[in-house]
Amino acid sequence: MKVLIVIEKTRTGFSAYSPDLLGCVATGATRKQVENNMRKAIEFHVAGMREEKIKIPVPRSYSTTVELPA
């Protein structure tokens, strides 16, 4: 399953969330660390949903970029 995550720079490192998994967030001192932490958070979040017999949402979010004149 591919899940989009959004990573943002903060004053103290990085934070991440997934638009498709509400409430699933992670932080880290580096980008690599936040990506690893988010992967673990998603695995934990989905395992909890399965245990509670909550339907796991189909990932629908995507990303793209737009170019604007400078």
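The values are calculated or read from the model by the stated rules, or taken from the named source; none is laboratory data. What you see is a predicted model; the values in this text were computed from it and never measured. Methodologically, a virtual Cβ is constructed for each residue, glycine included, from the backbone with ideal geometry; neighbour enumeration extends over all protein chains shown.
At a glance:
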| item | result |
| --- | --- |
| Close pairs (9 angstrom Cβ cut-off, 6 or more residues apart or separate chains): over 16 Å from Lys2 (Cα atoms) in the range 15-31, acidic (Asp, Glu) anywhere | Ser15/Glu8; Ala26/Glu35; Gly28/Glu35 |
| Members of the range 10-42 that are hydrophobic (A, V, I, L, M, F, W, C) and part of a helix (DSSP H, G or I) | Val34, Met38, Ala41, Ile42 |
| In the range 28-46, the residues that are more than 10 Å from the chain's Cα centre (by Cα) and surrounded by 13 or more Cβ atoms within 10 Å (Cβ to Cβ) | Gly28, Arg31, Gln33, Asn36, His45, Val46 |
| Sole exception among (1) at pLDDT below 95; (2) in a helix (DSSP H, G or I) for Pro59, by number | (2) |
| Hey, Lys2 out of contact with any strand residue (DSSP E or B) (no Cβ under 6 Å at 6 or more places or on another chain), in contact (Cβ under 8 Å) with a residue 24 or more places away in the chain and not in a helix (DSSP H, G or I) or not | yes |
